[in-house]
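Data first, discussion second: the structure below is written as structure tokens.
The values are calculated or read from the model by the stated rules, or taken from the named source; none is laboratory data. Only a predicted model underlies this, so the values are computations on that prediction, with no experimental measurement involved. Counting neighbours? That spans all protein chains shown, and the Cβs are built from the backbone with ideal geometry, glycine included.
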Amino acid sequence: MRALFVVLRLLVAIAIAAAVIGQLIVSINFWDDKGVTNIGSNVINFVSFFTIDSNLLSAVILLIAAVYLANKQDAPQWLLVARLSVVTYMVTTGVVYNMLLRGIELPQGSTLGWSNEILHVVAPLYLALDWLFAPGRRPVSYRAIWIVVSFPLVWATYTLIRGPFVEDQVSGNAYWYPYPFLNPNATEQGYLTVAFYMLLITIVIAVAGLGAVWASRRGRTVES
């Protein structure tokens, strides 16, 4: 069991890295075809997606967790909380994407299909399964949920502050937001609609995090 999850963690971390790099290459080529001149700003936009951030964090945590598991070392508390955080973010990413964003059409050639599925389906599913069944899981305090929700709140604040000051050279808009539901210009209700979606996503993150904490407290995984 231990060796299996070491291998799975390494494979999923590599798959995430490949998916992110592959999508970045496709995006850069797409911007170049569209005559975008400020590639640097668009790369910052790329890494400003919560999906990209949560996947990159997950890849790093999976690699670290694989090392601890391979060395038969107990994961320190900070790593348990980090795993709790990334599984919460990834489950949220999967739920939000498949419920709100999957049907939204994007410009032809801007999305790498297999990368999209790894980042939004495969990786979230694996993170959840890893949390539930990997050896060495220990109970996590419910107080850790405050750490879990802190990063999404910082990310959302950053997004809303930055958005009005970034020009979208692809669409020609004088603003840029990573997701339609965070764009106050997308509806007549503006920031009221944004606030509603932020509240909804916060609830999803909190529920996912509390569910992960509850799962950790059901008992220890049998090591082998």
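Some observations on this one:
- Residues of the range 25-67 satisfying the condition of being over 24 Å from Val154 (Cα atoms) and among the small types (Gly, Ala, Ser): Ser27, Gly35, Ala65, Ala66
- Residue match in the range 122-135 (condition: surrounded by fewer than 16 Cβ atoms within 10 Å (Cβ to Cβ), at positive phi and not β-branched (Val, Ile, Thr)): no
- Some residue of the range 92-115 being in a helix (DSSP H, G or I), among the β-branched types (Val, Ile, Thr) and exposed (fewer than 14 other Cβ atoms within 10 Å of the Cβ): no
- Residues satisfying the criterion are absent from the range 4-13 (criterion: among the charged types (D, E, K, R), within 12 Å of the chain's Cα centre (by Cα), at pLDDT 95 or above and within 26 Å of Val148 (Cα to Cα)).
- Residue match in the range 24-33 (condition: surrounded by 14 or more Cβ atoms within 10 Å (Cβ to Cβ) and of a type in the set (D, E, K, R)): no
- For the range 79-95, the condition holds for no residue, the condition being that it is out of contact with any Gly (no Cβ under 6 Å at 6 or more places or on another chain), modelled with pLDDT under 95 and of a type in the set (Phe, Trp, Tyr).
- The range 158-210: number of residues that are of a type in the set (Gly, Ala, Ser) and loosely packed, with under 14 Cβ neighbours inside 10 Å: 5
- Scope the range 211-224; condition modelled with pLDDT of 90 or more and exposed (fewer than 13 other Cβ atoms within 10 Å of the Cβ); matching residues: Trp214
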